[in-house]
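> Got a structure for you, written out below as structure tokens; questions coming shortly.
The values are calculated or read from the model by the stated rules, or taken from the named source; none is laboratory data. Remember, it's a predicted structure, so these values are computed and weren't measured experimentally. Cβ placement follows ideal geometry from the backbone for every residue including glycine, while neighbour counts extend to all protein chains displayed.
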Amino acid sequence: MAQTTLNVEPGVERSLWQRIRSFFLNPRNLYLLGMLIVLALTFSEVARGRHRNFMIFAESTKLFWQHIAPYGESWSQAMPQLDYYLYGPLFNILFAPFAYLPAWLGPFVWNLFNFTMWFVAIFTLPGRFTRDEKCKSFLYTFLILACTQLSFQYNVAVGYMFLFAYSLLERDKGFWAVLLMMISGFTKVYGIFQFGLLLCYPHFWRNVGYALGIGVVLLVAPAVNMPFGELPAYYGKWVAALTEHKSTRTWMNLFYLRPFGLLRYQMAVQIGVLAALAVGLVANYRKWRQPFFRLAALAVLMGYVILFSNSSEGHTYVITLIAYQFWYWSMKRGGALNLLDRIVYWATFVVVVVMPVDVICPLPVMEFFYGWQLNLWLLLYLWLRICWTAFIRTPESLSEECRLVGLR
């Protein structure tokens, strides 16, 4: 029997590929498609009563407004069926509009709000990043973003506050940038590390003044619901909850990376690495006006707060991956990527982004790669590579960029 060959014109094939590419490189299409997926995931969890993180946020907020600290024994007695609450009292003030919505509506509004802010944070980054680069960065991180939102976590908000603050600093909007850093720091600590980047921007002392003023206001903000005299004890309970939490399970950070055995030296390593980064930042003061240096320094900090955190989980990797994306595109545009960079880029996508999605990756395969801690090794390599390009040897093609692109 003769075989029938289906001949497709090359132009038709290219046209179909171009239509697919055009669809996924259109911000409006990405937002609508992402929004529908986020709403579907939210419905799947709410319908089965599995939105536990949202419940933790909502119940802790209601306890705060009832003058009960949602930490330690008082939390375990009030909500024995729920996991720890680990955020600062400012979080309960800001979360109130979500907590007091109808129980079925709050989770949808929370996830949709965070998804929208994440999307806006990416697509309002400085103009040196093209629309295609922003679309590809959104697509690269979307699966891990979806997993994070499936769990109703706060990581999305931490990530977009980092990006918004960076964009605002690039546009010399110091007050709003510092405000976001302080909100992040007073809710989940992470954002406070971004203050080191203030050295790289004009009006340093003005921005420091903003930080001091805003810090005082946010520090005493919980006094809207308690006497000033109770604030120190309340903050003490928060710090105690953070300290106790880190020893409750095995976390996905460098302190558990075999064979180093760094857990026993955790605080010393955190302080030592942070001090080394500070030295690297100051020692490279001649690079502060380089757009690439500021971006790479941001990526280093966003990686530090995850890899050296007390209690990182797989979902928190979304914070460091989005910063890595824009470092990658900057390196590619400058012709500074090597073959290993390109291999690791896609290996990270497969191992860190795709494999945690159990509907895509079979569990035995996932357990095999996680057993070798390949996700942590890849992220460690990426972080060290970014540190190298920021503090040790910045590619010449990217160093020259400061002559062509002024501080925005």
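Okay, residues lined up against (1) over 19 Å from Leu281 (Cβ atoms); (2) modelled with pLDDT of 95 or more:
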{"residue": "Ile306", "(1), (2)": "no, no"}
{"residue": "Ser311", "(1), (2)": "yes, no"}
{"residue": "His315", "(1), (2)": "yes, no"}
{"residue": "Thr320", "(1), (2)": "no, no"}
{"residue": "Tyr328", "(1), (2)": "yes, yes"}
{"residue": "Gly334", "(1), (2)": "yes, no"}
{"residue": "Val351", "(1), (2)": "yes, no"}
{"residue": "Met355", "(1), (2)": "yes, no"}
{"residue": "Pro362", "(1), (2)": "yes, no"}
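> Follow-up question, since we're still on this one. Given the options Tyr71, Tyr87, Tyr100, name the one that is aromatic (Phe, Trp, Tyr) and within 17 Å of the chain's Cα centre (by Cα).
Numbers: Tyr71 fails: within 17 Å of the chain's Cα centre (by Cα); Tyr100 fails: within 17 Å of the chain's Cα centre (by Cα).
Of Tyr71, Tyr87, Tyr100, the one residue that is aromatic (Phe, Trp, Tyr) and within 17 Å of the chain's Cα centre (by Cα) is Tyr87.
> Please enumerate the residues belonging to segment 18-68 that are part of a helix (DSSP H, G or I), more than 27 Å from the chain's Cα centre (by Cα) and over 14 Å from Leu139 (Cα atoms).
Gln18, Arg19, Ala47, Leu63, Trp65
> Being in contact (Cβ under 8 Å) with a residue 24 or more places away in the chain and on the phi > 0 side of the Ramachandran plot narrows it down to one of Gly303, Gly335, Gly314, so name that one.
Gly335
> I would also like to ask the following. The conditions are (1) under 18 Å from Leu94 (Cβ atoms); (2) part of a loop (DSSP other than H, G, I, E, B), and Pro202 fails exactly one of them. Which is it?
Tallying (1) under 18 Å from Leu94 (Cβ atoms); (2) part of a loop (DSSP other than H, G, I, E, B), Pro202 fails exactly one: (1).
> Does Phe391 qualify as being assigned to a helix (DSSP H, G or I), at pLDDT 80 or above and not hydroxyl-bearing (Ser, Thr, Tyr)? Step through it out loud before you land on a result.
Details: assigned to a helix (DSSP H, G or I): yes; at pLDDT 80 or above: yes; not hydroxyl-bearing (Ser, Thr, Tyr): yes.
Yes: the conditions hold for Phe391.
> Right, here's the next one. Hey, any hits in segment 122-143 for a residue that's in a helix (DSSP H, G or I), farther than 30 Å from Arg50 by Cα and free of Cβ contacts under 8 Å to residues at least 60 places away in the same chain?
no
> Taking the options Leu150, Leu169, Leu219, name whichever one is in contact with a Leu (Cβ under 8 Å, 6 or more places away or on another chain) and crowded, with 22+ Cβ neighbours inside 10 Å.
Exactly one residue qualifies, and that residue is Leu169.
> Checking Met55 against (1) on the phi > 0 side of the Ramachandran plot; (2) modelled with pLDDT of 90 or more, which single condition isn't satisfied?
Failing condition for Met55: (1).
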